[in-house]
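Down below is the structure, laid out as C-alpha cells.
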C-alpha cells in the first residue's frame, strides 16, 4: 500500500515538475523532474531495499548531477511524453493480436468475474474496438508529442541542433501540451467513454462512475501488473 501511495504521489508530481522545469529552462529543475520519474519507475524495488535498484538509482542521480549544467537534462525531458504514450499505444495494440485478449476485454472480464470468452458478444466486440481506439489515441498523442518536441523553441530538438524549424512553438506551449494537456485528453476520453457506455450497456455491474472506479481499484495490484505482461 505504501508503494502504491508513493507511486501515485510521484505520478501526480511529475507533470507539475516537468512543466516547471520546461518553463524555468534550467538544468537542476529538469534533473529534479527526471529523478521523480526514476523514483516513480523504481519505487517498489527501492522500498524493498534491492541493492541493484539502489545502485541504478544512484547512478541516475550521479549522471544527472554530472550533466546538470549542460543542455542534456532539458533534452531528456522531451522524451518521456513520447516514450510513455508510445509504449502504452504499443501495449494496447499488441494485446489485440491472437492468442492474446484485448486489454479492455481483460479488464471487463475481470470486473464481471468471468473469462473473456464468457462475455456477451456485444460487450466482447465493444471491448476490442475500445482497445483499438485507445491504441490509436495514445499513438496519436505520442506522434504529436514527438513533432512538438522537434519544433519547440528554444529548447526543442531542431533548435538545439542549430536548425530553424519551418514552423515553431514556444517551449512553454510544448510543455502545456506534453506535460499537462495529454492527461486532460486521456482523462476526458476516459470519462466520455464511460458516459457513452452507460447509455449503450445499461446492465453493467457498477452503479455509477465512482462505483466503477472502486471496482477497478479492487482488482488489485497483481491484476494490473499482469495486464501488461
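The values are calculated or read from the model by the stated rules, or taken from the named source; none is laboratory data. This structure is a prediction, so every number in the text was calculated from the model and none was measured. Note: ideal-geometry Cβ built from the backbone for every residue, glycine included; neighbour counts use all protein chains shown.
Conditions (1) surrounded by fewer than 16 Cβ atoms within 10 Å (Cβ to Cβ); (2) within 17 Å of the chain's Cα centre (by Cα); (3) assigned to a loop (DSSP other than H, G, I, E, B); (4) at pLDDT below 90, marked per residue:
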residue	(1), (2), (3), (4)
6	no, yes, no, yes
10	no, yes, no, no
18	no, yes, no, no
34	no, yes, no, no
62	yes, no, no, no
65	yes, no, no, no
82	no, yes, no, no
104	no, yes, no, no
108	no, no, no, no
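No other residue among 163, 173 is at pLDDT below 95, within 30 Å of residue 25 (Cβ to Cβ) and in a helix (DSSP H, G or I) apart from 173. Selection over segment 108-128 of residues that are touching a helix residue (DSSP H, G or I) at 6+ places or on another chain (Cβ under 7 Å) and either in contact (Cβ under 8 Å) with a residue 40 or more places away in the chain or outside the structural domain of residue 217 (by TED's automatic domain parsing) (or both) gives a count of 3.
In segment 206-220, the residues that are not assigned by TED's automatic domain parsing to the domain that holds residue 111 never reach a residue that is in a helix (DSSP H, G or I) with C-beta atoms less than 7 angstrom apart, at least six apart or across chains. Candidates in segment 67-80 are the residues that are under 15 Å from the mean Cα position of the chain (by Cα) and assigned to a helix (DSSP H, G or I); of these, the one that is surrounded by the most Cβ atoms within 10 Å (Cβ to Cβ) is 80.
From the list 158, 195, exactly one residue is part of a helix (DSSP H, G or I), at negative phi and in contact with a helix residue (DSSP H, G or I) (Cβ under 7 Å, 6 or more places away or on another chain). Which is it? Step by step, each of 158, 195 is checked, and only 158 is part of a helix (DSSP H, G or I), at negative phi and in contact with a helix residue (DSSP H, G or I) (Cβ under 7 Å, 6 or more places away or on another chain).
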